[in-house]
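Take a look at the structure below.
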Amino acid sequence: MPPVGSGSFDVKGDVLPDGRIVAVTGLDVLVETAPGSRSFQVAGVLDGGALGGATDPSFLTVNPSGTRIAIGAGFAKPVVVFDTAALNPASPANLADGVGATRYHAIDHYDGAWYDDASLAITAGTFGEPARVDMFDLTSTSPAPVTIVDNIAGASAGITFDIHGRLYTGNGFASGAGSDTGHIKAFDFALWSNGVADFEAQGALIADVLSATSLRFDREGNLLVGGGDSIAGDMGYLGVIEHGALAGALAGLGAIDAGDPSQLLRLTPVDFGIPFFGTAYDPITGTLFATDGSTWYATIPTPGALGALAWAMAFATRRQR
């Protein structure tokens, strides 16, 4: 990945529909020259004055159709949303607020995930206090937050949706009574879309894994989990919750057994230090990335044929919403 930019501490990214990685660090938005090239060019520049300095990026996510990108610029900084078409490696785009379709939104955020092309769900909260999930309609120039999940006992964690519209999020750091660090819950569409779901009292408990600070699905329906729980000593790997075990938890059989490698695969791309992995995924090639700052580790797991086919077809449908 590109080196960490001036004023930043990290590189965040996602994958465009053509398989190229798009990333943000410092004030630069960079695009891979070709899928798998590992070569990046600056394609857009953010407004440091409006940001209050460089980004300390918390997330970058591409919407399902690949037409819009949202960047969480970091603590006390805005969420920036712009059209993918604005990016131009030949002449980097000016991604200042109000230029073209680019907008800067004063939104508290930790992680973000598109539900559809216009709706962005964001985890937010104050460290050590109850966290929440808000939904924003980004067809509006001034989107107002609508809380859809509340009462997360600890800090914000990752967020993702499955092909059925279920919302998955977790407790990123337990600070008191209630759910534990790394508790991941799933909320049916009907539950989060018709009011405010209560994280502690509702939803299906899926797992207690790492700190759930990065959540993504692969095309087979396995749930990818990043982060780390230093207090419990649960860290140093990227977790892959097997889709069959996940289905069992959703069916009411209880949370997965994190000690069973057939239910939770631990990917360890490095055997030194104590890495705190995030994750990204390319649904076109099936490439899974364990992200660690400016170093991303890539692998293409061998899928179960039937599961992969079913989920690939469903995922394709989802991407076209």
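The values are calculated or read from the model by the stated rules, or taken from the named source; none is laboratory data. Here the structure is a predicted model, which is why all the values come from computation and not from measurement. We place every Cβ from the backbone using ideal geometry, glycine too, and count neighbours over all the protein chains shown.
Tabulated results
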{"item": "Output for the stretch 245-291, where each listed residue is among the charged types (D, E, K, R) and in a loop (DSSP other than H, G, I, E, B)", "result": "257, 260, 271"}
{"item": "Some residue of the stretch 1-8 being out of contact with any Cys (no Cβ under 6 Å at 6 or more places or on another chain) and free of Cβ contacts under 8 Å to residues at least 40 places away in the same chain", "result": "no"}
{"item": "The stretch 169-199 - residue that is hydroxyl-bearing (Ser, Thr, Tyr) and farther than 10 Å from residue 133 by Cβ and, of those, surrounded by the fewest Cβ atoms within 10 Å (Cβ to Cβ)", "result": "193"}
{"item": "Residues located in the stretch 33-85, provided they are of a type in the set (A, V, I, L, M) and either at pLDDT below 95 or over 18 Å from the mean Cα position of the chain (by Cα) (or both)", "result": "34, 42, 43, 45, 46, 50, 51, 54, 76, 85"}
{"item": "Given (1) under 18 Å from the mean Cα position of the chain (by Cα); (2) in a helix (DSSP H, G or I), number of the condition residue 221 does not satisfy", "result": "(2)"}
{"item": "Some residue of the stretch 301-319 being of a type in the set (Lys, Arg), at negative phi and at pLDDT 90 or above", "result": "no"}
{"item": "Selection count, the stretch 71-116, where residues are touching a Ser or Thr at 6+ places or on another chain (Cβ under 7 Å) and of a type in the set (Ser, Thr, Tyr)", "result": "2"}
{"item": "Condition met for residue 288 (closer than 23 Å to residue 133 by Cβ and surrounded by 15 or more Cβ atoms within 10 Å (Cβ to Cβ))", "result": "no"}
{"item": "Those residues of the stretch 164-196 which are among the hydrophobic types (A, V, I, L, M, F, W, C) and either modelled with pLDDT under 95 or assigned to a strand (DSSP E or B) (or both), in sequence order", "result": "167, 173, 174, 177, 184, 186, 187"}
{"item": "Residue match in the stretch 54-62 (condition: closer than 29 Å to residue 163 by Cα and surrounded by fewer than 15 Cβ atoms within 10 Å (Cβ to Cβ))", "result": "no"}
{"item": "Which listed residue is of a type in the set (Asp, Glu) and at pLDDT 95 or above, from 116, 108", "result": "116"}
{"item": "Test for residue 216: is it among the basic types (Lys, Arg), buried (at least 21 other Cβ atoms within 10 Å of the Cβ) and at pLDDT 95 or above", "result": "yes"}
{"item": "Selection status of residue 95, under 20 Å from the mean Cα position of the chain (by Cα) and either surrounded by 18 or more Cβ atoms within 10 Å (Cβ to Cβ) or without any contact (Cβ under 8 Å) to a residue 60 or more places away in the chain (or both)", "result": "no"}
{"item": "Looking only at the stretch 119-163, and only at residues there that are in a strand (DSSP E or B), charged (D, E, K, R) and farther than 19 Å from residue 216 by Cα, the one that is modelled with the lowest pLDDT", "result": "137"}
